[in-house]
Amino acid sequence: MAMEKRKGFRFTTYEAPDQTPFEKLFEIFQELITHTSGDFDEAIDWLRELDKEYELTDDDYTIDDFIEDLKNKGYIREEFDPDSYQEALNEMGEAEEDGEDGEGKKGKISITAKLEQLLRKRALDQIFGKLKRSGSGNHKTGKLGQGDEHSGEFREYRFGDALDRISMTESLKNAQVNHGIGNFMLNEGDLVVEDTEYKAQMSTVLMIDISHSMILYGEDRITPAKKVAMALAELITTRYPKDTLDILVFGNDAWPIPIKELPYLKVGPYHTNTVAGLQLAMDMLRRKRNTNKQIFMITDGKPSCLRLSNGDYYKNSVGLDDYIVEKCYAMAQQARKLHIPITTFMIAQDPYLMQFVREFTQANKGKAFYTGLKGLGEMIFEDYENNRRKRIK
């Protein structure tokens, strides 16, 4: 009698997926180019240092081969400044007259839009995981009616319901129950339709603090914030294409930046003008037609700057300045009146700053997360996904 084979799990030694030399270096390069804010030369210098320490390449495939592949694949391009180019041509002419090698100077290498988009997708995969893309999804409201997302619930057919909403399987089942199989017939009373849910559109402004404190004490806080912004931009454009995302940065002042500039974002020698950021965010949202609007603010420091009506800056980095703080509370209340909730992601654990954020949040009736750098992206993603409310006026 043959013995039956036992079923179960079989464990084997993990084998890393095969990667080409280019793919191995490209993974590292993408991380480096994000940390260096799009500075290609600096990223390659770091890559060469890593190569020396960890022997990433060999004689068959060098860093120079990798750079050439980046060019061929359209991830980088060489740019020439017109003045510098003419200067190089002049130097070449002088060198040839002197009998020297007239090899021209190389232009500045920069990353392309193709790589910018890839960095956004990589940030999305890193922070939010492998999300299932949907065609044109939006935020559920939980309200049934003639919407555009199937709810899984059925009701009787009513005049005016679209024909493509009729569930033929359920309707035929009703016909058999009501009239029998022998004398089959289908009438209006047998028809059922699958209910649908309205899906709300969302307009979001993401505020990123680029004050000097974002790189103080040897901790790089701007790179995680930048990755979150790139991931959120990719999430909205692929999964929620009907939603809108605007990004602004704030230091001494506030200004909007296009999504394509996110990889190049840097911290400046700035104080923190939270009021200017909130004013700009609300101005941007006032122009949106969507009913649902929200502000996400990523910051690690206290508000320490205001721009006065005469154009001068009022700055105070010592403690919490009452004048600046009250202005922040006033902006929070103004946003509340406009039905714009503010979610603050505070990358700091100072008790007095946490108290300020609590009072700011109370004034707006918004939300606050006190977080380190780890988990920042997941928190923002979860809050964005769960914010499925519809507030039709």
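Read-outs throughout are calculated quantities, based only on the coordinates presented, and are distinct from any laboratory measurement. None of these values were measured; they are calculated from a predicted model. Positions of Cβ are backbone-derived with ideal geometry, glycine not excepted, and every protein chain shown enters the neighbour counts.
Quick notes on this structure:
- Computed packing ranks the peptides 264-274, 184-194, 161-171 as 264-274, 184-194, 161-171, most packed first, by mean other Cβ atoms within 10 Å.
- Beta bridges assigned by DSSP with both partners in the stretch 151-261 are antiparallel in approximately 55 percent of cases.
- Protection proxy ranking of 241-247, 300-306 - average other beta-carbon atoms within 10 Å, highest first: 300-306, 241-247
- 19 Å Cα-Cα threshold exceeded, pairs from LYS24/LYS52; LYS242/LYS288; LYS302/LYS327; LYS242/LYS337; LYS73/LYS227: LYS242/LYS337; LYS73/LYS227
- Gyration tensor over alpha-carbon atoms, the stretch 177-271, equivalent ellipsoid semi-axes in Å: 55, 13, 10
- Note on the stretch 245-300 and the stretch 156-176: Cα centroid distance 48 Å, given to the nearest whole angstrom.
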